[in-house]
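The values are calculated or read from the model by the stated rules, or taken from the named source; none is laboratory data. What you see is a predicted model, and the numbers here were worked out from it, not measured in a lab. We place every Cβ from the backbone using ideal geometry, glycine too, and count neighbours over all the protein chains shown.
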Amino acid sequence: NFPFLTLSPKICPWQNNYATIVLMQIKEKQVEDGKLNQTPNPQSKPSQPSKIIRVKKPRPARTFVFGILAIIVLSGIIWGARAFFLLTNVVSGSSKGGFFSNLSIVSKKDGLKGQSDGRVNVLLIGIGGASHPKGGNLADSIILTNIKADGPKAITMMNLPRDLLVDMPKPLSGQQKINAVHSYGEQEKEKTGGGPESLKKVVETISDQTVNYWIRIDFDGFKKLVDAVGGITIDVPKDISDYNYPADNLIDYDSFIIKAGTRHMDGKTALKYARSRYSTSDFDRSNRQQQIIQAIKDEFEAKGYIYRPDKILEVINIISKHLKTDMTMQEIRQIYDLVKDIPDEKINSVVLDNSATGPFQTYSNGGYYLIPKVSDWSEVKQIAKNIFSYGAILAEKPTVEIQDASGKSICSAEKTELSAIGYTVVSCAKSQDKVSATKIYNFITEKNQTLDHLKTRYSVTGALIGDKSLLKSAQADFLIIVGTGYEFTHTTGKTGAN
C-alpha cells in the first residue's frame, strides 16, 4: 500500500532508508489507533539493510511532514524538521560525507544562533531561478522572520520592499535596489560568498539585527509545492487586473485577472497572485505572499498528507531541487523544537511601506526607489528591535488621538513612545479640564491586540464605545483621555521630552 517504495533511485537515492523509517512510524501510528495487529508473522524474516544506521525511536509520522515545510514556510508556520535530515542537497555546504555522515549530527547539543539572546532571525529569499533567465537572481521576496526564543514564543515576519535604495555591501560598491543585491552577490560569488550572504549583510545594516540563517526558494519550486498539495484556497480581498504580467518567454504579456472572494489556485495562478504588482502595489504583494505561505500549510494539514509517504517524498523531491539554506540539519531540527507549539494568534506579519504610517517615502532619480523618511534607518531599526513586543500592533496599524487631561504635559513623550511601538498618533493636545481616571474610547472593534495593549499601558479595565464627536481630529481608531493618575512608562528605547 506504499507506492513510494518503487520510486526510481535516481529521484530519491536515499529512499530505502527513509521508507523504512516512515513505515516504522506509520505502523506505530496504526498500532496506536488499533488498526494493526501487532502479532508477528513467524514465517517472515527481517530484511537486512545494506548499511547499519543507528536511529533513535522515531516520532509520529507527522513530524516528518512538519519538517518538510519547516524551511519553506518558516515565516510564520515553521513546523519541524525531521524529514530534512534526508535532504543533504538542501543544506548549504553539507554535501561532504552524504546522508549517513550527516545523521551523526543529531546528537549534538549546540544551540541555535541567536537563541541565547532571545531571538532567532531567519532571512527568507524568493528568486526567479534558472527558469527565469532575465533577472532570475533578483530577490523577488525579502522577509526577515523573527522567532522569539525566550518566554512566550512568537513569530513575526517583516517584509522589506524590493525597491529600497541601499548601499551595496563590501566588497561590492555603489547603491542599488535591495532586490539587486542578491544578483550582484551571485555574480561575484567568489568574493562575496554568494547572493544570500550579500543580502544578509544589507538586511543586518538596515535593521540592526543579526541575521542568523537564510533560506532561498525559486519560482519553479514555489509552483510545484502548491501543485503538490493540490492547490491552495485563498480569500482574495480585492479584484486584481494585471494586463502587464510577464509571459513565460519574458517578452510577451500574460494577463492576470482575478476577482475578490474565495478562490482555489493551482501553482501557476498562485505564483501570479504572489507576484502581480501593476494593479495593486508592492506592499499588497508582500501581504499576498504571506497569505500563500499560510495556505500551503493549511492544505497540507487539511488533506491528511502528513500520513501520505508518497506525498511526503514528492514534496521532499521538490525542495531538494529548488530550495537552499545555510542551516545544518541539527539546526533545522532545533528550529522545529522551538516553534512547534506556537499558536496562529502568536504569528504576525508586518509590511514596511511608504504609507502615512510607514517608514519609507518614494524617491525618483532616473527610476523608482524607496528611501527612509528620516535621514537614516533608525525607524526601521526601532521597528525591528520591538518586533516581538509590538508585532501585533504593527500589523494592525492603529491610529490614536490623545487628549492630555493629566496636567503633566505628557504629549511629547507619549507621542514618541506610541509612534515607536507602531501607532499613528493623529493628534495629541492638552485638555483644559483635568480628569482623575484615564479613559479609552474604541471606535473600531477588530483591533483587539491594540486594545489589549492600551488597556495594559493605561491601567484601564475596559474600553468605552463613544461617539466620534469626542474626537478633535478627523479620524482615529482610539481616543485616549489621559487622567491625573497616569504615570508615563518608557518601554521602547526612544525618548521624548516631557
Checking the structure you have, find out if any residue of segment 415-438 is part of a helix (DSSP H, G or I), touching a strand residue (DSSP E or B) at 6+ places or on another chain (Cβ under 7 Å), of a type in the set (S, T, N, Q) and within 21 Å of residue 390 (Cα to Cα). yes
Which numbered condition residue 358 misses (of (1) under 28 Å from residue 137 (Cα atoms); (2) buried (at least 21 other Cβ atoms within 10 Å of the Cβ); (3) in contact with a Lys or Arg (Cβ under 9 Å, 6 or more places away or on another chain)): (2)
So which residues in segment 436-450 are farther than 22 Å from residue 474 by Cβ and modelled with pLDDT under 90, if there are any at all? 448, 449
Please tell me if residue 401 is at pLDDT below 90 and either of a type in the set (Asp, Glu) or in contact with a Phe, Trp or Tyr (Cβ under 9 Å, 6 or more places away or on another chain) (or both). no
Take segment 455-470 and flag every residue that is out of contact with any helix residue (DSSP H, G or I) (no Cβ under 8 Å at 6 or more places or on another chain) and surrounded by fewer than 10 Cβ atoms within 10 Å (Cβ to Cβ). 465, 467, 469
In segment 204-222, is there at least one residue being surrounded by fewer than 21 Cβ atoms within 10 Å (Cβ to Cβ), closer than 26 Å to residue 119 by Cα and free of Cβ contacts under 8 Å to residues at least 12 places away in the same chain? yes
Does residue 113 satisfy the condition of being within 27 Å of residue 202 (Cβ to Cβ), modelled with pLDDT of 80 or more and either of a type in the set (D, E, K, R) or in contact with a Gly (Cβ under 8 Å, 6 or more places away or on another chain) (or both)? yes
Matching entry among 407, 366, 358 (being closer than 30 Å to residue 485 by Cβ and either part of a loop (DSSP other than H, G, I, E, B) or modelled with pLDDT under 80 (or both)): 407
Find the residue count for segment 192-231, including only residues that are of a type in the set (D, E, K, R), within 16 Å of residue 384 (Cα to Cα) and part of a helix (DSSP H, G or I). 3
Is it the case that some residue within segment 236-251 is in contact (Cβ under 8 Å) with a residue 40 or more places away in the chain, over 24 Å from residue 352 (Cα atoms) and either touching a Gly at 6+ places or on another chain (Cβ under 6 Å) or not in a loop (DSSP other than H, G, I, E, B) (or both)? no
Here's a check for you: in segment 383-404, which residue that is part of a helix (DSSP H, G or I) and touching a strand residue (DSSP E or B) at 6+ places or on another chain (Cβ under 8 Å) is farthest from residue 206 (Cα to Cα)? 392
Can you report the number of residues in segment 284-310 which are modelled with pLDDT under 80, closer than 18 Å to residue 256 by Cβ and either small (Gly, Ala, Ser) or touching an Asp or Glu at 6+ places or on another chain (Cβ under 7 Å) (or both)? 1
Report yes if some residue within segment 374-384 is charged (D, E, K, R), farther than 17 Å from residue 418 by Cβ, surrounded by fewer than 19 Cβ atoms within 10 Å (Cβ to Cβ) and within 21 Å of the chain's Cα centre (by Cα); otherwise report no. yes
So residue 273, is it at pLDDT below 80, assigned to a helix (DSSP H, G or I) and among the aromatic types (Phe, Trp, Tyr): no
Only one of 166, 203, 120 is touching a Leu at 6+ places or on another chain (Cβ under 9 Å), of a type in the set (Val, Ile, Thr) and more than 18 Å from residue 332 (Cβ to Cβ); which? 203
